[in-house]
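Peer 1: This is the structure I want to talk about, given as structure tokens.
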Amino acid sequence: MIEDKNQKRTPLSELGEFGLIEHLTKNFKTEQPSSLKGIGDDAAVIDFKDKKTVVSTDLLIEGVHFDLSYVPLKHLGYKAVMVNLSDIYAMNALPTQITVSIAISNRFPLEALEELYEGIALASKLYKVDVIGGDTTTSNKGLTISITALGIADEEEIVYRNGANPGDLLVVTGDVGGAYLGLQVLEREKEVFKVNPNNQPDLSLYTYIIERQLKPESRKDIPPLLKQLEVKPTAMIDISDGLSSEIMHLCKQSNVGCNVYEDKIPLDPQVISTCEEFDINSTTVALSGGEDYELLFTIAQADFPKIKANPHLTIIGHMTEEKEGIHLISRANTKIPLKAQGWNPLKN
Ligand SMILES: [Mg+2]
């Protein structure tokens, strides 16, 4: 879309750095009572009173984390915010503010940046976080986005990665594997497009998984749901790199082992059918795919009655003594050691 000849293209140099920030952020208003001062001074001022502050940062680099030949900039802006908020929810906290920093080459016109900021603005509005600062600068090549998210929680509500105990149940929200498969479909269409640019792809069979890749949502509903169910997880993490590597993080930090049951892993029907079409194993995709931005957590067995039959939550295994190791129990009831594989090794 950046190459679209019919679109208006205003060179960034026309505004200058100062004018650019002002132009992009002029519609951002602060809504959170804790945001005493947002954009417009040398620094933002925040007052969290008696709450604890949680902070998380992510860096997204063109060509490494995203490919602009099939990722619309508005979606990219939205996703960049989601990636960060997901980490705040994974602490069982509530995100309140973000800062957005962008390095951009002059191949992008102002209109491209406006689209990116539209996505950022939409995400901030829907998730009720204030954009309180950031920086915009030129890069020699490509686009880089760094977002820092701030959030709040009462100290006793914060959930770390290191609290899981042997016997705890392992729970995942939603379903997994969709985002990775959506990426596979988009990569395939990109190759088809290279050969025949007039080809209009029919992506109607893949709407769910493409949305999981291009416009993921983070699970803002889960911390309040857990509170309502009166369940405090013993450990929690979000699924950015893939179910298996996140399980390994929880195990390593909590000094426990784990058995994960292949037949319990929640898969969307579209994930199953697309796996068949691509002739790839759906369990491999679920374990190694990544970018699902679901939450993975452990709970005490005593809390089982509180979460059972909840449509958002699936029990996929249980924690064991550390010396028992980390295993996948296959459908054929064989015990396979789990390996950490992010989506990059899988891709290669
Ligand atoms: Mg995380």
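Here, each number is a calculation from the coordinates, and none is a lab measurement. These numbers were taken from a predicted model, which means no experiment stands behind them. Cβ placement follows ideal geometry from the backbone for every residue including glycine, while neighbour counts extend to all protein chains displayed.
Peer 1: What ranking do 230-241, 23-34, 301-312, 124-135 get when scored by the average of other Cβ atoms within 10 Å per residue, highest first?
Peer 2: 230-241, 124-135, 23-34, 301-312
Peer 1: Another one. What FRET efficiency comes out for the pair Leu59/Leu225, r = Cβ-Cβ distance, R0 = 35 Å, nearest 0.05?
Peer 2: That gives a FRET efficiency of 0.70.
Peer 1: How large is the charge dipole for the range 156-261, taken about the Cα centre, if only the Cβ atoms of Lys, Arg (+1) and Asp, Glu (-1) carry charge, to the nearest 20 debye?
Peer 2: So the dipole magnitude of the range 156-261 works out to roughly 140 debye.
Peer 1: If R0 is 30 Å, what FRET efficiency do you get for Phe193 and Asp263 from their C-beta distance, rounded to 0.05?
Peer 2: It comes out at approximately 0.20.
Peer 1: Another question, if that's okay. How far is helix 243-254 tilted, in degrees, relative to the longest principal axis of the Cα atoms in the chain, given as a value from 0 to 90 rounded to the nearest 10?
Peer 2: For helix 243-254, the angle is close to 70 degrees.
Peer 1: Okay, next question. Only Lys, Arg, Asp and Glu count, each charged at its Cβ (+1, +1, -1, -1), so figure out the dipole size of the range 169-337 about its Cα centre, rounded to 20 debye.
Peer 2: 420
Peer 1: Would you mind putting 187-193, 271-277, 143-149 in packing order, based on average other-beta-carbon counts within 10 Å, highest first?
Peer 2: So the peptides 187-193, 271-277, 143-149, ranked by packing, come out 143-149, 271-277, 187-193.
Peer 1: If you don't mind, another one. Using the Cα centre of the chain as the reference point, and only Cβ charges (+1 on K/R, -1 on D/E), how large is the resulting charge dipole? Debye, rounded to the nearest 20.
Peer 2: Its charge dipole is roughly 80 debye.
Peer 1: Is the C-alpha gyration tensor of the chain telling us rounded, prolate or oblate? Criteria: a/c under 1.5 is rounded; beyond that, a/b larger than b/c is prolate, otherwise oblate.
Peer 2: Note, shape of the chain comes out oblate.
Peer 1: Between Ile336 and Asn165, what is 0.36 nm times their sequence separation minus the Cα-Cα distance? Round to one decimal in nm.
Peer 2: Roughly 59.4 nm would be gained on extension.
Peer 1: With the cut-off at 23 Å, tell me which of the pairs Lys74/Lys128; Lys8/Lys37; Lys74/Lys220; Lys8/Lys74; Lys74/Lys190; Lys49/Lys79 have Cα atoms farther apart than that.
Peer 2: Lys8/Lys37; Lys49/Lys79
Peer 1: Using R₀ = 45 Å, calculate the FRET efficiency as 1/(1 + (r/R₀)^6) where r is the Cβ-Cβ separation of Ala43 and Leu122; round to 0.05.
Peer 2: Computed FRET efficiency for Ala43 and Leu122: 0.95.
Peer 1: How would you order 160-173, 201-214, 287-300 from highest to lowest mean count of nearby Cβ atoms within 10 Å?
Peer 2: The peptides rank, most packed first, as 287-300, 160-173, 201-214.
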